[in-house]
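Reviewing the structure listed below.
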Amino acid sequence: MTLSQRLEKNCNKLIYDCTDEELFCGILKTIDELKNEIKTKDEKKKLYYISAEFLIGKLMESNLINLGVYHDMRQILSEYGKDLSKITELEIEPSLGNGGLGRLASCFLDSIAYTGIDGDGVGLLYHCGLFKQVFKENKQFETPNLWLGDNTVLNKTDISYTVPFGDMTLKSRLYTIDIIGKDRINKLNLFDIETVDEKIVTDDIRYDKADIRRNLTLFLYPDDSDEAGRRLRLYQEYFMASNGAQLIIDETLRRGGRLEDLADYAVVQINDTHPSLIIPELIRLLCERGMDMDTSIKIVEKMCAYTNHTILAEALEKWEAKTIQDIIPEIYEIIKELDARKKSECADKSLHIIDDNSLVHMARMDIHYSFSVNGVAALHTEILKKSELNDFYKIYPEKFNNKTNGISMRRWLTGANPRLDGFIEELIGRDFRNDYEKLKSLERYKDDNRVLSKLLEIKAENKADLCDYIKEKQGIDLDPNSVFDVQIKRLHEYKRQQMNVLYLITKYLDIKRGILPKRPITAIFGAKAAPAYTIAKDIIHLILCIEELIEKDKAVSEHLRVVMVENYNVTWAEKIIPASDISEQISLASKEASGTGNMKMMLNGALTLGTMDGANIEISSLVGEDNIYIFGKSSDEVIECYKKNNYKPYDYYEKDARIKEAVDFITDKDILALGDKESLTRLKNELIKKDYFMTFPDFEDYYSTKDKMLSDYENRMGWAKQSLVNIANSGYFSSDRTIREYNSDIWRIV
Ligand code: 26V
């Protein structure tokens, strides 16, 4: 049966006569049928990728791509005047993730399945997931994102485990999502409890944080600014770890493995510290089944590998011993034993799992009891080895390794940018999809004006599409001929959205004075702030106030627009990234572990404006300094500066007229007329008095580098050439490459 006949059969109607809804259902059925034709082979050893978040995005398109029928499906539909992108609009994006860590986990699941590795994801099924962001009065508000509905991608299983807490026992239910590869189907295992109750949540996401039976799997990262929130998080983390551990043991036994050989059957990749309790939980379960403590520990050490995703101290999890003792007493006893063993070996207190203040350091437990510890980009791993985790590196040098992050090229090129994907195929054939390093051969076109013009044309079309989409979603008219300057990522002070805003204020004031940019600029932001992160919310408030100020000022808005998209998510990213010209990667050097948006925009032909941080460093060495715009202090300088502890933002504010003018404008009467005085004043004072992430010292360099970039943009063919070099060198960032490295160095699954 041809694909077209199959689709027609599954729609029960001629394609031509189908509505988009009918086609949506027909395509789902077609995907199911094709999937069922794939025979998945179980290997002896299996990978479990355990993570608090999976930012999976919509699945229909990527499923079609991995099944190898995406291009045909688009073609068939277009022959009947239908548009696949319109049909996929109907799919609801799952809300199971927050940012880079969760998106990475999803790109990894895609590559694990696609490269043929036997490996599943393990996580929680959050009913409201991450909150939905709503803008009112130029501020972020949070509402529950009830994404589940009558969701079609989730399969309910009959698998259920009991999870023993100190005060109660909870029963889980396993749901799965199929992760479709080329010739195997893996699973994302998501655990839930049946007693969870969405009705306890108010519109502004308040609920009884102590009612664990009803709230356990409602939200990802519940607000932990109070004790009840922190306790809930620990309940979640243990629930995830225990279910994961029970699943691993069950599946091993089902495959004929013995518990003594568990490490030959299962390897666990711990994605940051949220799932770390799987270490003591596996030990507990092995002991419960009659194994002695020494043997269980030896087995678990051989099974677990830990990935660190951040060096920000506040993000490295620490739990009060008494909280663990109270909520999961059996686990606490095991952690105490694990700690005692290391205390007897190492005097150095920085290596102790439980410190003198009775805080349990999760990352320390991971490092002691895993066989592999990896960072996510070259600089990040070096910083871990040289400073943050140096004491551990000294005793376990063999455990440390780097795995530079990657992205699913199928989602971020083929799915998100079919125009560019198709053009690349025209130029170099389709073989690059089996090995993305082959994109390199595009470089032979770098002086070919026809190719360069076509690249500019594709970008222009993508920008026009984005304008239509933003118009439809937010009612805003943007100029597709302007430069699209994009910063899309979680809102955090270290990522320095505030520096971008200060630049935009400077441009605004220049325009007011009659100094006009050569071409209009459209600054696009997408970001959610953690609900209790006040300064991050203040930054969003400032961005939205400036957006409104400019929108109302015709004289300025012809030259400069600011737009913050509401509820930034994977779907937004898929629309924005192919339309981006400038990729803002401006974190304070040493703070961004890797970044992955930087890779996605590079692949889609944007040029990076960035600091020497995270994977920007690898991007820079791949494209060469002529094809990237680097500014700012180096990580060594920044680390030195923190050591000296003598940075005084006020000195910069006083001495640099541009900084002073921009910062003062935050509380200018025109802004105050649109915003909240308390919030804006707090932000201004934070910058002048603290500026912990050193915006001011990098500002002048940022300002002039960005201006240089805007002026280079006017040399359209020169820009297109730089863009082509970026695309051609992005193959290294395929997550297929990253996963092959994980497999050959860590997992070793055949
Ligand atoms: C930490 C916390 C701390 C408490 C509030 C909620 C919360 C949520 C997540 C996290 C972990 C943050 C770690 C993270 O997302 N790291 C990012 O990982 C990406 C993938 O490796 C990497 O590209 C980014 O640079 C890094 O920031």
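With θ taken as phi - 60° and the Karplus curve 6.51 cos²θ - 1.76 cosθ + 1.60 applied, the whole-hertz 3J(HN,Hα) list for the stretch 397-411 is x, 5, 6, 7, 8, 9, 9, 4, 4, x, 10, 6, 5, 5, 6 Hz, x standing for glycine and proline.
Taking all Cα pairs closer than 8 Å and separated by 6 or more residues, the relative contact order of the stretch 466-720 comes to 20 percent. A 1.4 Å probe, protein heavy atoms only, puts the accessible area of residue 361 near 30 Å².
As a quick test, which of the pairs 342/394; 403/440; 136/459; 575/633; 13/156; 58/171 have an alpha carbon distance above 23 angstrom in this structure? In this structure, 136/459; 575/633; 13/156; 58/171 exceed 23 Å between Cα atoms. Between the listed residues 674, 562, 540, the Cα displaced farthest toward the positive end of the dipole of the chain, a dipole computed from Cβ unit charges relative to the Cα centre, is found at 562.
Placing unit charges on each Cβ (+1 for Lys and Arg, -1 for Asp and Glu) gives the chain a dipole about its Cα centre, and among 464, 731, 222 the Cα reaching farthest toward its positive end belongs to 731. Normalised by the number of residues in the stretch 1-133, the mean separation of alpha-carbon contacts (under 8 Å, six or more apart) gives a relative contact order of 32 percent.
Charging the Cβ of each Asp and Glu at -1 and of each Lys and Arg at +1, and nothing else, the dipole of the chain about its Cα centre rounds to 760 debye. The translational diffusion coefficient of the chain, from Stokes-Einstein at 10 °C and 1.306 mPa s with a Kirkwood hydrodynamic radius over alpha carbon pairs, comes to 59 µm²/s. For the stretch 606-750, the solvent-accessible area works out to 43 Å² per residue, with a probe of 1.4 Å and every protein chain left in place. Report, in whole Å, the centroid distance computed from the Cα atoms of the stretch 426-493 and the stretch 626-648. Centre-to-centre distance over Cα atoms comes out at 31 Å. Between residue 494 and residue 22, what is the FRET efficiency for a Förster distance of 51 Å, r being their Cβ-Cβ separation, to the nearest 0.05? It comes out at approximately 0.60. Working value for the stretch 466-720: equivalent-ellipsoid semi-axes of 24, 24, 18 Å, each the square root of 5 times a Cα gyration tensor eigenvalue, largest first. For the stretch 480-549, the list of trypsin sites (Lys or Arg not before Pro) that fall in a loop by DSSP and count at most 12 other C-beta atoms within 10 angstrom reads 513, 518. Restricting the trypsin sites (Lys or Arg not before Pro) of the stretch 277-357 to loop positions (DSSP other than H, G, I, E, B) with no more than 15 neighbouring Cβ atoms within 10 Å leaves 289. Each of residue 198 and residue 228 was given a label point 7 Å from its Cα along the Cα-to-Cβ line. The distance between the two points is 2.3 nm. Each other residue within a Cβ distance under 12 Å of residue 51 adds +1 if Lys or Arg and -1 if Asp or Glu, for a net charge of -3.
Residue ranking by accessible heavy-atom surface, 1.4 Å probe, largest first, among 750, 638, 69 comes out as 750, 69, 638. For the pair residue 4 and residue 211, a Förster radius of 41 Å applied to the C-beta separation gives a FRET efficiency near 0.20, rounded to the nearest 0.05. Taking a ≥ b ≥ c as the square roots of the Cα gyration tensor eigenvalues, the stretch 109-161 comes out prolate, since a/c reaches at least 1.5 and a/b is larger than b/c. Projecting label points 7 angstrom from Cα along Cα→Cβ for residue 443 and residue 553 puts them 4.5 nm apart.
Label zone (residue 167, point 7 Å along Cα-to-C-beta; backbone nitrogen cut-off 14 Å) within the stretch 223-240: 227-236. Calculated accessible area for the stretch 94-151 comes out at 26 Å² per residue, all protein chains present (probe 1.4 Å; ligands, DNA, RNA ignored).
Give me the distance between the Cα centres of the stretch 214-273 and the stretch 46-105, rounded to whole Å. Cα centroid of the stretch 214-273 versus Cα centroid of the stretch 46-105: 26 Å apart. Provide, for q = 0.14 Å⁻¹, the log10 of I(q)/I(0) from a solvent-free Debye sum over equal Cα point scatterers in the stretch 282-425. Treating every Cα as an identical point scatterer, log10 I(q)/I(0) equals -0.75.
Normalising the average separation of contacting C-alpha pairs (under 8 angstrom, six or more residues apart) by the number of residues puts the relative contact order of the chain at 13 percent. Net charge dipole, the stretch 466-720: roughly 420 debye, given to the nearest 20, about the Cα centre with Cβ charges of +1 for Lys and Arg and -1 for Asp and Glu.
Over the chain, dividing the summed -39,500 (n - 2.57) contributions of all DSSP H runs of at least 4 residues by the number of residues returns a 222 nm mean residue ellipticity of -14000 deg cm²/dmol.
Phi-derived couplings, Karplus 6.51 cos²θ - 1.76 cosθ + 1.60 at θ = phi - 60°, listed residue by residue for the stretch 337-349: 5, 4, 5, 4, 4, 6, 4, 6, 8, 10, 7, 4, 5 Hz, with x used for Gly and Pro. Computed with a 1.4 Å probe on the full set of protein chains, the accessible area for residue 719 sits at about 10 Å².
3J(HN,Hα) along the stretch 607-623, derived from phi through the Karplus expression 6.51 cos²θ - 1.76 cosθ + 1.60 where θ = phi - 60°, amounts to 9, 8, 10, x, 8, 7, 9, x, 6, 4, 5, 5, 4, 4, 6, 6, 8 Hz, with x in place of Gly and Pro.
If you look at the Cα atoms of the stretch 464-511, you get an Rg and a Dmax of 13.2, 32 Å. Remark: accessible surface ordering of 291, 601, 612 (largest first) is 612, 291, 601, probe radius 1.4 Å. Note on surface exposure: 535, 283 rank 535, 283 by accessible area, highest first, 1.4 Å probe. Residues in the stretch 186-342 average 36 Å² of solvent-accessible surface per residue, probe 1.4 Å, ligands and nucleic acids excluded.
Solvent-accessible area of the chain (1.4 angstrom probe, protein heavy atoms only): carbon and sulfur portion equals 48 percent.
A simple packing score, the average count of other Cβ atoms within 10 Å per residue, orders the peptides 194-202, 539-547 as 539-547, 194-202, with the highest score first. Amide H contacts of residue 124 (H built 1.01 Å from N, in plane; Pro and chain starts excluded): 191 sit under 5 Å, all sequence-distant by 5 or more or on other chains.
The values are calculated or read from the model by the stated rules, or taken from the named source; none is laboratory data. Nothing here was measured: the structure is a model prediction, and the numbers come from that model. FYI the Cβ positions are ideal-geometry reconstructions off the backbone, even for glycines, and counts take in every protein chain you see. Quick note on the areas: whole protein, heavy atoms, side chains included, nothing else; ligands and nucleic acids left out. Shrake-Rupley method; radii C 1.70, N 1.55, O 1.52, S 1.80 Å.
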